[in-house]
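Colleague: The structure follows.
The values are calculated or read from the model by the stated rules, or taken from the named source; none is laboratory data. Source: prediction; values computed, not measured. Because the Cβ atoms are built from the backbone with ideal geometry, glycine has one as well, and the counts that use them run over all protein chains shown.
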Amino acid sequence: MRSTLNALTTELKRLKAAGVKMVPVSDATLAQLRAVVNARGARAAESSQPLEKESAKAPLAPAPPPVSPPIAAAPAYEAPAREFKAKPLVANVAAIPAPQPFVLPEGDKATRWAALRDRVLDDLVCRAHVRPGKQVVFGVGSLEAKIMFVGEAPGAEEEVQGEPFVGPAGQLLTRMIGGMGLKRSDVYIGNIMNWRPEMALDPGGTQYGNRPPTEEEMAYCLPYLKAQIEIVNPALLVALGSTATQGLLGAGSFKTLGEVRGKWKEFSDRPLMVTYHPSYILRNQSNRSKRMIWEDLLKVMERAELPISEKQRGFFLDRA
Ligand code: URA
C-alpha cells in the first residue's frame, strides 16, 4: 500500500514539474480513493500492525477507465441523459511551456522516425495532458509517402488507439484516400496536436466533448509535426480544416477557411493544399460539400502526378 501511495505521489510531482496545475479526478475515482483511505484508517485503528506491511496487491489506483472497443464494434454514441455542459480545462492549458529544442539522430528515415516517435511518446508535457488509460498520438503511414495529410488533434477514438484519424472522421478520410486510388498506408497522416485537448469530465468521469487547441498548445506540438515532415519528405501537404490550416499558416493568416480552401499555399518549403476537415462532410452530407472537398483532392492528385480516371473526375457531380 505504501509503495502504491509513493507511486501516486511521484506521478503527481512529475505532473507538477511538467507544468500541470490541475489533475481532473472523476467522482467515481474520488469515491474509490476515499474508500481506500477509510479502509486504511479503519485497519490502522483495529490493528497494531504497521501499515507498510499491508499487501502491495491491494489496488489503490482506481482501475483505468475501460478502453473502448474498436470502432466497428462500438455501439452508436449516445449523449448522456443528464444535463451536462462540457467545459475546456483552462487552468491546464495555461501551463503549456515553450517547446524544447531537440536533435534527431543521424540515420535512415526509419531510425530517425522511430527516435522522434519515442521522444514524442515520452514527452512529459504531452503525457501530462493525457488522461489515465489514454495515449499520446503520433503520425502514421508510409515514410515514402508523396502526400501527407495534417489534421487538428486526436479525438476520443484516437487517444484510445494511439493513432490519428481512426474515429468517424478518420474512417471518412480513409474512404477519401481510397477515392484517390490510394490506400491509407500509401500516405502519411499526422496532426498538429499530439494529445486530445482537455475538457472538463462529465459526472461519469468521461470526456465526450472536443475543443480546438489553443495557440500555445499548437506551438508546443508543431516542432514534432515539422520533424515528421522533414523525415518523410512528402512532395506535398494537405491541411484538413481551419484549425490545422491556422496551425500551419499562423493564426490570423485568413479570416474564413473559404478564403484559402482549394488554394495552394506553402509550408516547410513544400506545396500545401487547404481543404475542409472530413468532419465537415459528416455534418454536411450534401454532394455540393463532397464535391468541394473532392475538387481539392483532384488538385492534389494532379500535383502528385497520380492517374485520374474520368469516373474519378466526375465524382459527386451527377448526383448533386
Ligand atoms: N480529427 C483530427 O483532426 N485528427 C484526428 O486524428 C481525428 C479527428
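Colleague: For residue 302, which of the numbered conditions (1) under 30 Å from residue 125 (Cβ atoms); (2) in a helix (DSSP H, G or I); (3) charged (D, E, K, R) fails to hold?
Modeller: Result: residue 302 fails condition (1) only.
Colleague: Anything in the range 291-314 that is under 30 Å from the mean Cα position of the chain (by Cα) and either outside the structural domain of residue 181 (by TED's automatic domain parsing) or not charged (D, E, K, R) (or both)? List them, or say none.
Modeller: Passing the criteria: 292, 293, 294, 297, 298, 300, 301, 304, 306.
Colleague: Tell me whether the range 146-160 contains one or more residues that are more than 14 Å from the ligand (Cβ to nearest atom) and surrounded by fewer than 23 Cβ atoms within 10 Å (Cβ to Cβ).
Modeller: Yes, some residue in the range 146-160 is more than 14 Å from the ligand (Cβ to nearest atom) and surrounded by fewer than 23 Cβ atoms within 10 Å (Cβ to Cβ).
Colleague: Can you run down the residue pairs with Cβ atoms below 6 Å, 6 or more apart or on separate chains, where the first is in the range 109-134 and under 16 Å from residue 97 (Cβ atoms) and the partner is assigned to a helix (DSSP H, G or I)?
Modeller: Once the first residue is under 16 Å from residue 97 (Cβ atoms) and sits in the range 109-134, its partners that are assigned to a helix (DSSP H, G or I) give 120/224; 128/15.
Colleague: Cβ-Cβ distance below 8 Å, separation of 6 or more or different chains: which pairs start in the range 154-175 with a residue that is among the charged types (D, E, K, R) and end on one that is near the ligand (Cβ under 7 Å from one of its atoms) and part of a loop (DSSP other than H, G, I, E, B)?
Modeller: 157/167; 158/137; 158/164; 158/165; 158/167; 159/137; 163/137
Colleague: Sticking with this one: Among residues belonging to the range 224-259 that are within 16 Å of the ligand (Cβ to nearest atom) and of a type in the set (Ser, Thr, Tyr), point out the one that is surrounded by the fewest Cβ atoms within 10 Å (Cβ to Cβ).
Modeller: 242
Colleague: When you go through 217, 163 one by one, which is the residue that is assigned to a loop (DSSP other than H, G, I, E, B) and touching a Pro at 6+ places or on another chain (Cβ under 9 Å)?
Modeller: Step by step, each of 217, 163 is checked, and only 163 is assigned to a loop (DSSP other than H, G, I, E, B) and touching a Pro at 6+ places or on another chain (Cβ under 9 Å).
Colleague: Let me ask something else. Tell me which of these residue 211 doesn't satisfy, since it passes every other one: (1) within 13 Å of the ligand (Cβ to nearest atom); (2) at pLDDT 95 or above.
Modeller: It fails just one condition, (2).
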